[in-house]
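**Q** Could you have a look at this structure, given as structure tokens, before my questions?
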Amino acid sequence: MRMAKLLTKKHGLITNSLISAMFFRRYQRMLTVGIQQNSNPQASVTSRIAVGRSLKNASEYGTVSPTQNDMTKKPKVAEISHQNAAKVLANYDTILLDCDGVLWQTDHVTPIQGIPSVISMLRDQGKEVLFVTNNSMHARHEYLQKFQSHGFDAAQEDIFCVAYASALYLQKTVGFHGSVYVIGNEGMSHELDLARINHFGTGADPDPVYNSIRDLHEIHLLDNVEAVLVGYDKHFSLNKLFKACSYLTNHTCSYIATNSIEKSVLLASNRRQPLTGAIVDAVTSASKRTPTVLGKPHPLLFSCIRAARPHVNPARTLIIGDSVPSDMGLAKAAGIDSALVLTGASTLSTLGNFPGLEPEFFLQSLTSLIH
């Protein structure tokens with residue numbers, strides 16, 4: 001303002017636009033100096049590397065697609081095809097594959113032709129292929145059977161379903177000697193049995209449906225419950241909700257959920273199936289507790305992978321999935337790269353709905369890696 005007054009004295013009246021432009025330039029210089037003096041130098045270097053890497057991806061790997069159509073430039077997502085697949089894959093040692101919408105259609109049944117050949121190609125190139133899924137309904141041996149029915153095989157140790165991750169987390173991280181109350185299913189129960197974790201609660205609740213407050217007081221609760229584990233449960237009921245909330249009144253009792261992002265799925269125009277997230281929301285709301293969530297997009301699933309496979313290097317790991325909030329969300333949380341496959345839940349047009357979760361790559365199908 002002092003400069004403006006001096007100019008006014010010497011040269012007469014100056015316009016508001018000139019003053020605005022003058023102060024804007026001065027503000028830009030101050031902001032630049034402030035950033036240079038106060039920011040973390042390493043963070044600045046990392047930011048420049050990240051920008052360079054995005055530009056490298058866009059220019060080097062072929063066709064690109066904008067995440068949003070607006071006036072500002074957005075990060076671009078490079079397409080992987082059979083023509084550049086070898087070059088892209090050379091940057092990674094470990095490939096994490098989502099299952100539903102990637103290995104088969106989202107109806108869980110319809111196969112995607114050519115998937116067995118892709119799995120073979122990745123293994124022939126020396127890639128460590130691991131399978132990750134938020135579906136808590138099945139144990140690892142059930143996924144092995146499903147893989148075989150779709151024409152490819154795997155070792156049980158290559159599968160990181162949330163039922164197994166729950167048992168691994170309870171065994172390696174929580175480490176307790178009591179019991180786990182499970183709102184869940186046979187697949188979860190099987191993985192807990194393999195980990196030799198005491199648990200109860202799966203299947204239909206044995207107590208009669210309560211009709212009064214007195215009935216609630218008469219429901220038997222165990223004293224040694226140290227964790228409540230919630231997953232998909234087709235027998236979920238008010239009795240189970242009451243028991244979970246009651247055990248969680250003890251704040252030393254751990255509250256763990258297999259996954260929470262999938263709330264429901266539309267099966268037909270007038271049929272909607274509630275999923276695990278809806279059950280977790282009910283327990284969370286009624287118990288007034290916040291769960292530790294193991295499934296995608298939370299990073300604990302990747303932590304479980306590294307606990308079982310310490311050699312896995314995040315910088316050389318790529319996850320390929322069909323869900324932006326789930327699979328790309330895990331990638332961002334875990335610090336790994338991601339590729340969106342367009343045979344499932346998300347499309348390129350939906351990327352704009354999830355700012356900050358843009359993948360490095362996209363594929364029309366997992367089979368784009370070979371043809």
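The values are calculated or read from the model by the stated rules, or taken from the named source; none is laboratory data. In this text the structure is predicted, and so the values were computed from the model without any measurement. For neighbour counting, all protein chains shown are included, and Cβ atoms are generated from backbone atoms with ideal geometry for every residue, glycine included. Just the protein is used for accessible areas: all its heavy atoms, side chains included, with ligands, DNA and RNA removed. Shrake-Rupley method; radii C 1.70, N 1.55, O 1.52, S 1.80 Å.
Residue-by-condition table, conditions (1) of a type in the set (A, V, I, L, M); (2) open to solvent by 40 Å² or more (accessible area, probe 1.4 Å); (3) within 20 Å of residue 198 (Cα to Cα):
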site	(1), (2), (3)
217	no, yes, no
221	yes, yes, yes
229	yes, no, yes
238	yes, yes, no
253	no, no, yes
260	no, no, no
263	no, yes, no
267	yes, yes, no
272	no, yes, no
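**Q** Which ones in the range 146-168 are in a helix (DSSP H, G or I) and either crowded, with 24+ Cβ neighbours inside 10 Å or hydrophobic (A, V, I, L, M, F, W, C) (or both)?
**A** 147, 162, 163, 164, 165, 166, 167, 168
**Q** Answer yes or no: is there a residue in the range 280-296 that is of a type outside the set (Asp, Glu), surrounded by 17 or more Cβ atoms within 10 Å (Cβ to Cβ), part of a helix (DSSP H, G or I) and within 11 Å of the chain's Cα centre (by Cα).
**A** no
**Q** Tell me yes or no: at least one residue of the range 90-109 is more than 26 Å from residue 266 (Cα to Cα), open to solvent by 10 Å² or more (accessible area, probe 1.4 Å) and either polar (S, T, N, Q) or out of contact with any strand residue (DSSP E or B) (no Cβ under 9 Å at 6 or more places or on another chain) (or both).
**A** Yes.
**Q** For the range 75-96, enumerate the residues that are more than 13 Å from residue 338 (Cα to Cα), assigned to a loop (DSSP other than H, G, I, E, B) and in contact (Cβ under 8 Å) with a residue 60 or more places away in the chain.
**A** Hits for the range 75-96 are 75, 81, 82, 93.
**Q** Hey, among 369, 357, which residue is aliphatic (A, V, I, L, M), open to solvent by less than 50 Å² (accessible area, probe 1.4 Å) and in contact with a Gly (Cβ under 7 Å, 6 or more places away or on another chain)?
**A** 357
**Q** Among what's in the range 110-145 and is without any contact (Cβ under 8 Å) to a residue 24 or more places away in the chain and within 25 Å of residue 294 (Cα to Cα), pick the residue that is surrounded by the fewest Cβ atoms within 10 Å (Cβ to Cβ).
**A** Ranking the qualifying residues of the range 110-145, first place goes to 145.
**Q** Moving to a separate point now. Answer with yes or no whether residue 323 is touching a Gly at 6+ places or on another chain (Cβ under 8 Å), among the polar types (S, T, N, Q) and either open to solvent by 40 Å² or more (accessible area, probe 1.4 Å) or in contact (Cβ under 8 Å) with a residue 12 or more places away in the chain (or both).
**A** Details: touching a Gly at 6+ places or on another chain (Cβ under 8 Å): yes; among the polar types (S, T, N, Q): yes; either open to solvent by 40 Å² or more (accessible area, probe 1.4 Å) or in contact (Cβ under 8 Å) with a residue 12 or more places away in the chain (or both): yes.
In short, yes.
**Q** Only one of 270, 250 is more than 16 Å from residue 201 (Cα to Cα), polar (S, T, N, Q) and at pLDDT below 95; which?
**A** On inspection, the qualifying residue turns out to be 270.
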